[in-house]
Amino acid sequence: QDLGQDADSLKALEAAYECHSGADDIGQELNLRYQAAGLWDKSEAVLASLYEKNKNQQSLAAQLSHALYMQGKREDALVVCNQALQIGGQWDVQLLSNRSMLHAQLGDVGKAKEDAVAALALQPDFISARLNLALAQLGLRELEACVQNCDWVLAREPENAAALMNAALAEMEMKQQAQAQLRLKKLLQAYPGHL
């Protein structure tokens with residue numbers, strides 16, 4: 001790896017893990033390499049094996065949920081996310097935010113809002129949770145609250161694409177076309193080709 005021979009390095013790491021599949025440190029390193037390469041199916045396999053042996057490690061459940069999500073396996077990711085939250089620990093805020101996003105994508109915006117609110121109760125300045133709350137509020141047609149949360153994010157990240165888009169969508173529904181157009185123009189300037 002130090003010589004820049006990443007493919008050979010990965011093969012050597014895979015061989016080491018095959019010889020010593022019980023070595024968690026090798027498995028974690030292999031998982032990180034798979035994720036860096038975008039090999040989420042292989043990441044899932046390693047994490048599932050590690051998690052099976054360490055059911056009380058919230059971090060492993062959180063990582064496994066993420067690997068499942070990255071493959072589009074949202075229902076499976078939600079199941080593992082729930083397991084991780086039952087374990088409890090330092091990942092709770094991130095997991096609540098992630099579960100909020102999963103609920104929204106699976107069409108349950110009410111639960112998405114509940115999880116985003118719970119995440120923000122633990123960490124009020126968590127931008128991802130604030131964005132998930134705004135998305136849920138948009139789905140629930142709580143339009144003014146959606147815009148307020150988007151503006152909170154934009155005060156900290158003026159070119160945040162999700163905040164600009166969701167605020168614009170809410171404003172269009174509220175017939176505030178001029179303000180929505182300003183946001184969409186800013187979005188296009190920051191991210192040409194985004195729309």
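The values are calculated or read from the model by the stated rules, or taken from the named source; none is laboratory data. Here the structure is a predicted model, which is why all the values come from computation and not from measurement. Cβ: placed from backbone, ideal geometry, glycine included. Neighbour counts: every protein chain shown. Each accessible area value is taken on the protein alone, full model and side chains, heavy atoms only, with ligands, DNA and RNA left out. Shrake-Rupley method; radii C 1.70, N 1.55, O 1.52, S 1.80 Å.
Report, to the nearest whole %, how much of the accessible area of the chain belongs to carbon and sulfur atoms, 1.4 Å probe, protein only. Can you show the working numbers first?
Numbers: 5380 of 10440 Å².
Answer for the chain is 51 percent, counting heavy atoms of protein chains only.
Here the dipole of the chain is about 680 debye; that uses its Cα centre as origin and unit charges on the Cβ of Lys and Arg (positive) and Asp and Glu (negative). Averaged per residue, the chain has 54 square angstrom of accessible surface, using a 1.4 angstrom probe with ligands and nucleic acids left out.
Working ranking of peptides 169-178, 133-142 by packing, defined as the average number of other Cβ atoms within 10 Å per residue, highest first, is 133-142, 169-178.
Summarised in one figure, the compactness ratio Rg/Rh of region 72-162, Cα atoms and Kirkwood Rh, is 0.98.
For Lys113, the aspartates and glutamates whose Cα comes closer than 19 Å to its Cα, not counting residues fewer than 8 places off in the same chain, are Glu75, Asp92, Asp125, Glu142, Glu144, Asp151. Straight-line cross-link reach from Lys55 at under 20 Å between alpha-carbon atoms covers these lysines, not counting any fewer than eight positions away in the same chain: Lys42.
Principal-axis analysis of the Cα atoms of the chain puts helix 143-156 at an angle of about 60° to the longest axis.
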